[in-house]
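Throughout, read-outs are computed from the coordinates displayed, never taken from laboratory work. Owing to the predicted nature of the structure, the values given are computational and were not obtained by experimental measurement. Glycine gets a Cβ as well: all are built from the backbone with ideal geometry, and neighbour counts include every protein chain shown.
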Amino acid sequence: VLPEEKLPLRTSLGIPEDAFVVLTVADNQERKNLSAGIEIFSKFMKENPDSNGYYLIVTRENSHVGWKLRDLAQQFGVADRVLIFERGMNHKQLWSIYALSDVFLLPSKAEGLGMPLLEAMAVGIPSMATDCTGMMELLSDSRGILIPPAYTYIDPFGNGNRYFIDMDRAVELMVHAYNAKGNPNNTWIRDIITNAREFVEKRTWDNSVSILNDGIKEILK
């Protein structure tokens, strides 16, 4: 995404050119930990009120098993800075939301493939996520910003581990990303974007097809 492409996209949503925009694309259910995302953004704004920050969330707002996100935004004092979009938009609209953002945040307690991370990496948005499961695999080797969990527990759903993101550390790293944005001599974010883009462009279905093929052959025996 070129800098000059961001301005018209932001203007269309009423977001100022100088705003620091954080994006989360995730379903509204417990594993995605959306409440942590809002709390992280709130803490970031308290420490950096001059950032003119906005938090964009693409989700299923009215999920019966999710949070009342607008109430949470009000509770954390960022209701006027949180914009919620309903999932199911077309490709061009979704790309635009990625493209106008500065950082992608995924505070999930666990992930498999993590398609929104791959989308952010492909568009050229530096990604922050919990250092666990599929998120760790995608963002390792300086392809993103991994945030350690503050604690874990074993969930009754399949006895799977749940990793709760360290929110204070997330705020620290978000501040670093914000400061890097305004510093042309800071190559940290540029290197992350480059590494992530190279990784995504080299991904193919070859391994998956091979594993499926081997599985089918084993069954046919």
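Enumerate the aspartates and glutamates that residue 181 could reach by cross-link, defined here as Cα to Cα under 18 Å, with residues fewer than 8 away along the same chain left out.
Cα-Cα hits under 18 Å: 4, 5, 17, 18, 47, 50, 102, 172, 191.
If one puts a single equal scatterer on every Cα of the range 1-152 and applies the Debye formula without solvent, what log₁₀ I(q)/I(0) results at q = 0.12, 0.16 Å⁻¹?
Taken in order of the listed q values, log10 I(q)/I(0) reads -0.47, -0.87.
Could you check the spin-label model distance between residue 90 and residue 5? Points 7 Å from the Cα along Cα→Cβ, value in nm.
Label at residue 90, label at residue 5, 1.8 nm between them.
Please find, in a Gaussian network model of the chain (springs between Cα atoms separated by less than 10 Å), the residue of 146, 173, 117 whose mean-square fluctuation is greatest.
Result: 173 has the largest fluctuation of those listed.
Need one number: the % of Cα-Cα pairs in the range 158-213 sitting beyond the 20 Å mark.
59
Convert 25 °C to kelvin, take the viscosity as 0.890 mPa s, use the Kirkwood radius over C-alpha pairs of the range 1-54 as Rh, and evaluate the Stokes-Einstein diffusion coefficient in µm²/s, rounded to a whole number.
The estimated diffusion coefficient comes to 192 µm²/s.
Over the alpha-carbon set of the range 96-218, divide Rg by the Kirkwood Rh and report the Rg/Rh ratio to two decimals.
1.04
Out of the DSSP beta bridges found with both residues in the range 102-188, what percent are antiparallel (nearest 5)?
45
Among 118, 213, 179, whose Cα lies farthest out toward the positive end of the dipole of the chain, if unit charges sit on the beta carbon of Lys, Arg (+1) and Asp, Glu (-1)?
213
Roughly how tilted is helix 167-181, in degrees to the nearest 10 and between 0 and 90, from the longest Cα axis of the chain?
Taking Cα atoms only, the helix is inclined about 70 degrees.
Expressed as a rounded percentage, what relative contact order does the range 51-176 have, with Cα pairs under 8 Å and six or more residues apart?
It rounds to 17 percent for the range 51-176.
From the phi angles alone, apply the Karplus equation (6.51, -1.76, 1.60; θ = phi - 60°) to the range 123-140 and give each ³J(HN,Hα) in whole Hz, x where the residue is Gly or Pro.
6, x, 10, x, 10, 10, 7, 5, 7, 6, 6, x, 5, 4, 4, 6, 9, 5
Return one number: the angle in degrees, 0 to 90 and rounded to the nearest 10, between the long axis of the Cα atoms of helix 206-220 and the longest principal axis of the Cα atoms of the chain.
Approximately 30 degrees, to the nearest 10.
With a 10 Å radius around each residue's Cβ, average the other Cβ atoms per peptide and rank 95-103, 206-214, highest first.
Ranked by mean Cβ neighbours within 10 Å, highest first: 95-103, 206-214.
My understanding is that a pair violates if its Cα-Cα distance is over 32 Å; which of 68/202; 6/202; 92/217; 43/202; 32/92 do that in this structure?
Checking Cα-Cα distances, 68/202; 92/217; 43/202 exceed 32 Å.
Per the Kirkwood formula on distinct C-alpha pairs, the Rh of the range 13-90 is how many angstrom?
12.8
Per-residue HN-Hα couplings for the range 83-94, Karplus 6.51 cos²θ - 1.76 cosθ + 1.60 at θ = phi - 60°, whole Hz, x for Gly and Pro?
10, 10, 10, 7, 5, x, 6, 6, 4, 5, 5, 5
Quick one: among 53, 134, 124, which has the greatest mean-square fluctuation in a GNM of the chain with alpha-carbon springs under 10 angstrom?
Residue with maximal mean-square fluctuation among 53, 134, 124: 134.
So if we plug the beta-carbon distance of residue 168 and residue 190 into 1/(1 + (r/R0)^6) with R0 = 25 Å, what FRET efficiency do we get, rounded to 0.05?
That pair, residue 168 with residue 190, gives E of 0.45.
What nm distance separates the two modelled labels at residue 46 and residue 175, each placed 7 Å from Cα along Cα→Cβ?
The two pseudo-label positions are separated by 1.2 nm.
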